[in-house]
1. Kindly provide the set of residues from segment 29-81 that are aliphatic (A, V, I, L, M), part of a helix (DSSP H, G or I), over 20 Å from the mean Cα position of the chain (by Cα) and at pLDDT 95 or above, ordered by number.
2. In this structure, does Ala14 turn out to be loosely packed, with under 15 Cβ neighbours inside 10 Å, closer than 30 Å to Ala76 by Cα and at pLDDT 95 or above?
Amino acid sequence: MRSVPCRYPLLSLAHRLLAAGLALLLVGVVGAYGLDRYLALPAQVLAHGLVILGPTLIKVGYVIRLTALQRLHREACHATA
């Protein structure tokens, strides 16, 4: 199966950041608050770090997504004008 090149690489990057941020947040929450009894202290510190890093990636991905969609809207408006 061949990979199809993305016409909108910025939008693709944004979606990947959103997905990665959500995954890191979920892993961090489960590790920091669900499995805290079973994890060593360094693993707990890492899990709490993921709770901070996950939402940061979500926010950055969302801003990039808004920027990409705004550019796409401008291209569509200029194409019809």
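1. Residues satisfying the conditions are Leu41, Ala43, Val45.
2. No; evaluated as a whole, the condition is false for this residue.
The values are calculated or read from the model by the stated rules, or taken from the named source; none is laboratory data. Everything numeric here is computed off the predicted structure, so don't read it as measured data. So basically every Cβ, Gly included, is an ideal-geometry build from the backbone, and we count neighbours across all protein chains shown.
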